[in-house]
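Notes to accompany the following structure.
Read-outs throughout are calculated quantities, based only on the coordinates presented, and are distinct from any laboratory measurement. Every value quoted in this text rests on a predicted model; they were computed, and no experiment measured them. Note that we place each Cβ from the backbone using ideal geometry, even for glycine, and neighbour counts take in every protein chain shown.
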Amino acid sequence: MDTFLCIQAFVRVAETQSFATAARQLGVTPSVITSRVKQLEKHVHAALFHRSTRKVALSETAEVFFEECVALLAKVDSLTDRIRQTQDTPMGSLRLQVLPGFALGPFARALRDFSLEYPHISLDITVSDQAVNPIDEGYDVALQIFPPGAEVLIERRLFTVRRVFCASPQYLKERGVPIRPTDLLNHDICLYSAYPTRNRWAFRRGDEEISVELPARVHSNSVHLLRDFARIGGGITCLPTLVCSDDLVSGDLIPLLTDYEMPALELLAIYPITHRGTVKVKLFVEFIRKRFSGLTEWDRALQNVAGFIPNAEEAKN
C-alpha cells in the first residue's frame, strides 16, 4: 500500500464527490481510485464514504480524518516546492481558468512577464466566464468575479472591476443621452448575462439610491461582443472598464451616468485549500496581485476622459 497515493485519492474523491472525476484529475482509471480508497479504509479500519448512485459523501468518521489529510497533502506539497527552490528554480505545471474580459486584455502582458521570471513553470490556461469550483474542474487557480462558495476553497482579492454604461456617439445622436438611470428604460439595452443581479440595477448618487429593472434587448455572456455591438450603434451596454477603456479614451464609446455609482465587483483568485502552501500557486497569485495593485492602468487612463476618480480605498490597495 502506498499511503500517500491512497490519501491523495481519498482527498480528491472527498473534494469532488466523485470517483470518476478524481480519477480523471489524477490521471488514473476509476478502478485505481476505488482500490486506493478501499486500501485506506482497510488500513484505518473504517468506512470513509457513504456511496449512492448519485453522489459520494464523507462518513461521519471520516470528516476529521479528511481535514487532517488535506493539511498533510498541503504540507507535502509545500516541502516539495521548498526543496525544489533550494535545488533549482520553481517548476511544475500550473492549470488556470481565466475570465475572458481579463484574459483578452492586460493578462497577456502579465503572463509574458510571469513566464520570463519563472521559465520552469508551464501554464495550461482555459478562458471561460463560467464560475467554477476549481476542485471540480482540476484547476490550480481560477480567476473569476463570482466565487462558487465552498469551504475547501481560498479566495484572494486581486483588483476592483469597475463598470460603466456606454454607447456610441452615433447611437446617442439618434436616441438622446440618458441623464438619470430611469432614462435607460427608453433605450435599447444590451447586458452581460452572467451578472448575478440579472436585470436589476442599483445606482447611487450621494444620499440618492435608485433601483431599475432593465429589460435587455440583447443578452450575451461575452463582454467583447457587447462592446463591439455598442461600438457600431447597437445600443447602450454596461461594460467593465478593463474591456472598454481604450474605446472610451478614443471616443468610440461615450461613458454615461458617470455621476452615479454602481456596486463594484472584484476579480478573485480562487484555489483549493490544499494548494495554499504550493509555491507555484503562491508565486502566481502574488505576482498578479502586485501587478494590478492600486488603481489599474485602464482606470487611470479614464480619469480625465470619463471623470473616474480613484477613492481612498483603491489608492491604498
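Worth a mention:
- Stokes-Einstein D for segment 3-84, Kirkwood Rh over Cα pairs, 20 °C, 1.002 mPa s (µm²/s): 165
- Computed Kirkwood radius, in angstrom, where 1/r is averaged over Cα pairs of segment 163-256: 13.3
- Going by neighbour counts of Cβ atoms within 10 Å, the residues LYS38, LYS282 line up, fewest first, as LYS38, LYS282.
- Scaled radius of gyration (Cα, divided by 2.2 N^0.38 Å) that the chain gives: 1.20
- Cα-based Lys proximity count in the chain, under 23 Å, for pairs eight or more positions apart or on separate chains: 8
- Considering only the chain, percent of DSSP beta bridges that pair antiparallel, nearest 5: 65
- Put in order of Cβ neighbour count within 10 Å, fewest first, the listed residues LEU253, LEU143, LEU158 become LEU158, LEU143, LEU253.
- Every helix of 4 or more DSSP H residues in the chain counts as -39500 (n - 2.57), and over all residues that averages to -12000 deg cm²/dmol at 222 nm.
- About the Cα centre, charge dipole magnitude for the chain (Lys/Arg +1, Asp/Glu -1 at Cβ), debye: 540
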